[in-house]
Amino acid sequence: MKIAQVTKYFYPHSGGIETHVFGICNGFIERGHKVLIFTSNEPWTKRRERLYGMRIFRSSIFFTLFNGPFAPGIFIDLMKEDYDLIHLHLPDPFNSIFALIASKLRKKPLIVTYHADIIKDKRRHKPFKFFYKFFLNCVLNNARKIIATSPNYVEGSNVLKRFKNKVEIVPNFVYIGRFNPRLKGAGIVSLYSLERKRIILFLGRLVPYKGVEYLIKAFKKVKDKIKDSALIIAGDGPLKGELKKLSQDLQIDDVLFVSVTEEDLPQYYAACDVFVLPSVTRQEAFGIALLEAMACGKPVIATNIGGMPYVVNGAGIIVEPKDINALSSAILKILQNDKLSKELGRKARARVEKEFNQDLVTEKILKIYRSFRYW
């Protein structure tokens, strides 16, 4: 097969969708298929290149609206190049229109992975949401199949509910070799002098929907019970200064704000005793960081948001979003019970190996492609 992937950003741009697309495309290449990536160009990337067997076509961004880059060269490239099908990754307002039109004009099947709803609730967002809803319905009506990453997200999405007859569940994946329980994380422990500490980890962007402020407040309660505990907040984002100030105002010791590289991610998971993802809105559609921590054999705590209950599914603890008492109680329950901690970590690794490995996800997507039988 010649498979066209349409995504607003791509490697080396870092993010959940980018990691997902890069991973499945590697899987396609390994199985002998040809992959074409249609994406936007950024200052440090080449407009045309071959990378790990993929042909990448990048187009200049004219402007960006609500995190959607307008790069009309993507449409031109879709009309020029040869491929068997188009796989579009949403949300992506402008490229969804380009992919739809190219699919109709070229008579190529359109497959959509619906990673998340666009959640914009302010008054100034209403005109954008009105127009996007119209075009989104056109795209989903014309898609042969819609891939969603969890059944929970389908049930909670007003958009996906209307298209349940064509939805297939294919989850995100994690590299189970790179993230594994054999890692010890001793270097991270030593770096921050945490040898005698019980380590709680958050890893992700410091943005409002991640709910990190609730984790900081919950940690204050944990600290009252377990003096030798520490909280690592790994990541960057617009709320970093505000969150630092919150921890200072609450006079909490042992809250560390650190920046991490992609290379160091597994070591941070390996160093922690429990991983927490305290997200508060459906912008957290899946929680790939949960998979990474679970693959390292770590107990996890997440909120009852989006697809996270599906991801955890008994291999961790689920609490309601913004519930500081429930969050602190869950952390204490794990840190004060080594038997429970080990059991949850074992279940977490087993679940990832069974449901969220790269080969399984790649084969599920290829099965969807093959179902069209048009070549």
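The values are calculated or read from the model by the stated rules, or taken from the named source; none is laboratory data. These numbers were taken from a predicted model, which means no experiment stands behind them. Backbone-built Cβ (ideal geometry, glycine too); neighbour counts: all protein chains shown. The area values use the complete protein model at the heavy-atom level, side chains included, leaving out ligands, DNA and RNA. Shrake-Rupley method; radii C 1.70, N 1.55, O 1.52, S 1.80 Å.
List of remarks:
- When region 117-145 is limited to residues that are under 18 Å from P69 (Cβ atoms) and open to solvent by less than 60 Å² (accessible area, probe 1.4 Å), the one that is modelled with the highest pLDDT turns out to be V139.
- Count - residues of region 2-54 that are part of a loop (DSSP other than H, G, I, E, B) and either on the phi > 0 side of the Ramachandran plot or at pLDDT below 90 (or both): 15
- The set of residues in region 314-365 being out of contact with any strand residue (DSSP E or B) (no Cβ under 9 Å at 6 or more places or on another chain) and hydrophobic (A, V, I, L, M, F, W, C) consists of I324, L332, L340, A350, L360, V361.
- Some residue of region 337-354 being in contact with an Asp or Glu (Cβ under 6 Å, 6 or more places away or on another chain) and either surrounded by fewer than 18 Cβ atoms within 10 Å (Cβ to Cβ) or closer than 22 Å to V207 by Cβ (or both): no
- In region 263-274, the count of residues that are in contact with a Cys (Cβ under 8 Å, 6 or more places away or on another chain), aromatic (F, W, Y) and crowded, with 17+ Cβ neighbours inside 10 Å is one or more.
- Residue within region 33-50 that is within 22 Å of Q283 (Cβ to Cβ) and touching a residue at least 40 places away in the same chain (Cβ under 8 Å) present: no
- Scanning region 358-371 finds one or more residues that are within 19 Å of P266 (Cα to Cα), part of a helix (DSSP H, G or I) and in contact with a helix residue (DSSP H, G or I) (Cβ under 9 Å, 6 or more places away or on another chain).
- I318 falls short on exactly one of the conditions (1) open to solvent by 30 Å² or more (accessible area, probe 1.4 Å); (2) more than 26 Å from N26 (Cβ to Cβ); (3) not in a strand (DSSP E or B), and that condition is (3).
- Lone qualifier among E343, E292 - being closer than 28 Å to E18 by Cα, acidic (D, E) and in a helix (DSSP H, G or I): E292
- Screening region 288-315 for residues that are touching a Pro at 6+ places or on another chain (Cβ under 7 Å) and without any contact (Cβ under 8 Å) to a residue 60 or more places away in the chain and picking the one that is least open to solvent (accessible area, probe 1.4 Å) gives I305.
- Options E195, E262: the member that is of a type in the set (D, E) and more than 22 Å from S341 (Cα to Cα): E262
- Pairs where the first residue, in region 200-227, is touching a residue at least 24 places away in the same chain (Cβ under 8 Å) and among the acidic types (D, E) and the second is assigned to a helix (DSSP H, G or I) and open to solvent by less than 10 Å² (accessible area, probe 1.4 Å), C-beta under 7 Å, 6+ apart: E213/L243
- Each residue in region 212-251 was checked for being crowded, with 18+ Cβ neighbours inside 10 Å, of a type in the set (A, V, I, L, M) and within 25 Å of Q336 (Cβ to Cβ), and 10 of them qualify.
- Top-ranked residue of region 80-91 - restricted to ones that are under 15 Å from the mean Cα position of the chain (by Cα) and open to solvent by less than 10 Å² (accessible area, probe 1.4 Å), ranked as nearest to M54 (Cα to Cα): H89
- Screening region 2-21 for residues that are open to solvent by less than 30 Å² (accessible area, probe 1.4 Å) and without any contact (Cβ under 8 Å) to a residue 40 or more places away in the chain and picking the one that is nearest to N95 (Cα to Cα) gives E18.
- L277 vs. criteria in contact with a Lys or Arg (Cβ under 8 Å, 6 or more places away or on another chain), closer than 17 Å to A234 by Cα and buried (at least 24 other Cβ atoms within 10 Å of the Cβ): yes
- Residue match in region 201-210 (condition: touching a Lys or Arg at 6+ places or on another chain (Cβ under 9 Å), within 16 Å of I288 (Cα to Cα) and small (G, A, S)): yes
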